[in-house]
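Before any comments, here is the structure.
The values are calculated or read from the model by the stated rules, or taken from the named source; none is laboratory data. Just so you know, these numbers come straight off a predicted model, no measurement behind them. Here Cβ is always computed from backbone atoms with ideal geometry, including for glycine, and neighbour counts include all displayed protein chains.
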Amino acid sequence: MDGNGRWAQKRGLPRFMGHKKGAEVLRRIVRAVLGHRIPFLTVYAFSSENWKRPPAEVRYILHLFERHLEREARQLIEHDIRLRVIGDRSRFSDRLRTQIEDLEKLSQNHKTLTLQVAFGYGGRDELVRAAKTLARDVKTGTLAVDDIDQACLEDYLYTGGVPDPDLLVRTGGEQRISNYLLWQMAYTEFLFKPTFWPDFTPRMLDSVLTTYKTRDRRFGDADPSRENIAFSPTSLTGATLATP
Ligand code: IPE
Ligand code: MG
C-alpha cells in the first residue's frame, strides 16, 4: 500500500493525512475483497525498515493501527474475518501487543477471509527468525535435520498455514518488492500500479483481478501448447533459456 506520503504532498497536506486516508481506503478494499470471495489477503502496512522514519510519523502510524484495530473488532465478527498480524512485535507497546493477541484469538476460527496485516514486517527478518527457532528445535531434539524440507520451513514463517500469494499488487509506482514475503512470492504474479494507495478504488481492484486472470501460470512447468516444438539444442534460443 505505497504512496500515502506522496498523495498528501501532492495536495499540500502533511504526510500523516495520507496515512489517515490510506487506512480508510484499506477498510473499503477489504470489503471489496470479501465481495470477490477472495479467501486470503495480506497487506503491507509497515516494514521493518519503516522504523527508520521520523519518530512523529512512526508514532502516528502506530496510533492509526491501534485505532483501526479497535474500530474494526466488530467487523471481524460480522464478516467472519480471521485477523493475523505478521512481523516483529518487539517494538510494539504492551498495550498494542495485547490488543493484537486478543483480536487474533477472538477471530482465530473465522473462515471467510484471512486478513494478514504485515506490520513491523521484513522478509529477511522473518527468515532469520525461522532459522533461529528451527535451530533451537534441532538442538532440543524436537526436529531432526533430515526432516527439514520446504513444507517444514514454511511452518516456521509468520505466514505458516496460509497459502502463498497468487497476486501481488504494489501501488505508488515503484517496481520493487521491498523485503516483502520473500519466500512466499516465489511464483506470485506481480502487478505494479502508478496510483497512490489513497486513490486506489474497488473498481481498480476489479481491474487488477481481470488482468490477473489473463496471466499464464506454469510454476516452472512447460507450456503444453508448445509441446510440439522440437527439443534440440539448436531450437534453444537465449530467450527460452532465460525463461525459468
Ligand atoms: C506507504 O506510504 C505507507 C507506509 C510505508 C507506512 P508511504 O509513506 O511510503 O508513501 P510515499 O511512498 O512516501 O508516497
Ligand atoms: Mg513509500
| note | Exception for D137 within (1) part of a helix (DSSP H, G or I); (2) touching a residue at least 24 places away in the same chain (Cβ under 8 Å); (3) not β-branched (V, I, T) falls at (2)
| request: Scan region 17-38 and give yes if some residue there is over 30 Å from H79 (Cβ atoms) and hydrophobic (A, V, I, L, M, F, W, C), otherwise no. | output: no
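Looking for something out of contact with any His (no Cβ under 6 Å at 6 or more places or on another chain), of a type in the set (K, R) and either farther than 24 Å from D166 by Cβ or in a helix (DSSP H, G or I) (or both) - is there at least one such residue anywhere in region 77-89?
yes
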| Among the residues of region 194-207, which ones are surrounded by 14 or more Cβ atoms within 10 Å (Cβ to Cβ) and more than 16 Å from ligand 1 (Cβ to nearest atom)? | P202, M204, L205
| query | Which numbered condition trips up W51, out of (1) within 15 Å of ligand 1 (Cβ to nearest atom); (2) free of Cβ contacts under 8 Å to residues at least 60 places away in the same chain? | reply | (2)
| Taking the condition surrounded by 13 or more Cβ atoms within 10 Å (Cβ to Cβ) and near ligand 1 (Cβ under 9 Å from one of its atoms), does Q75 pass? | no
| Restricting attention to region 150-193, and to residues there that are loosely packed, with under 13 Cβ neighbours inside 10 Å and within 16 Å of ligand 1 (Cβ to nearest atom), which single residue is nearest to N109 (Cα to Cα)? | R176
| task | State whether the residues of region 90-106 include one that is closer than 26 Å to D166 by Cα, polar (S, T, N, Q) and part of a helix (DSSP H, G or I). | result | no
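Residues checked against (1) surrounded by fewer than 17 Cβ atoms within 10 Å (Cβ to Cβ); (2) within 15 Å of ligand 2 (Cβ to nearest atom):
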site	(1), (2)
V33	no, no
P39	yes, no
W51	yes, yes
P55	yes, no
F65	no, no
L69	no, no
| query | Can you name the residue in region 2-23 that is free of Cβ contacts under 8 Å to residues at least 24 places away in the same chain and surrounded by fewer than 19 Cβ atoms within 10 Å (Cβ to Cβ) and is also nearest to ligand 2 (Cβ to nearest atom) among such residues? | reply | Q9
| task | Quickly run through region 140-179 and pick out the residues that are part of a helix (DSSP H, G or I) and over 30 Å from W197 (Cα atoms). | result | V145, D146, D147, Q150, A151, C152, L153, D155
| query | Can you name the residue in region 1-28 that is among the aliphatic types (A, V, I, L, M) and under 14 Å from the mean Cα position of the chain (by Cα) and, of all such residues, is farthest from ligand 1 (Cβ to nearest atom)? | reply | L26
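Given the residues G161, G173, G141, which is the only one that is under 23 Å from M17 (Cβ atoms) and either modelled with pLDDT of 95 or more or acidic (D, E) (or both)?
Exactly one residue qualifies, and that residue is G173.
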